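**Student:** Can you read through this structure? Questions will come right after.
Derivation of every value follows stated rules applied to the coordinates shown; laboratory data play no part. Nothing here was measured: the structure is a model prediction, and the numbers come from that model. So basically every Cβ, Gly included, is an ideal-geometry build from the backbone, and we count neighbours across all protein chains shown.
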Amino acid sequence: MDVKVHGSDIEKALKILKRQLQKEGLFRDVKNRKYYEKPSEKKKRKRIEARKKRMKALKMKNSPSTG
């Protein structure tokens, strides 16, 4: 991952870096790994996440596009 600092605009570069890390799910991953998660809990969480993802995809597919 690369973030270039133009001039001395470190704040903007930091903001871009945080956005990229959030997009990749790093913060969520760190939060999830903070404590041990039992395998059964992990399966349940994954199943719920997959269901949410499917529902979101169906919602986007079925919604009328505006434009």
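**Student:** Which residue, Gln20, Asn32, Ile10, has the largest displacement toward the positive end of the dipole of the chain when charges sit on each Cβ (Lys, Arg +1; Asp, Glu -1)?
**Tutor:** My answer, from the dipole projection, is Asn32.
**Student:** According to the Cα gyration tensor, what semi-axes, each the square root of 5 times an eigenvalue, does the equivalent ellipsoid of the chain have, listed from largest to smallest in whole Å?
**Tutor:** The equivalent ellipsoid of the chain has semi-axes of 31, 24, 6 Å.
**Student:** Next question, about the same structure. Work out the length of the dipole vector of the stretch 10-62 about its Cα centre, built from +1 on the beta-carbon of each Lys and Arg and -1 on the beta-carbon of each Asp and Glu, and round it to the nearest 20 debye.
**Tutor:** Roughly 380 debye for the stretch 10-62.
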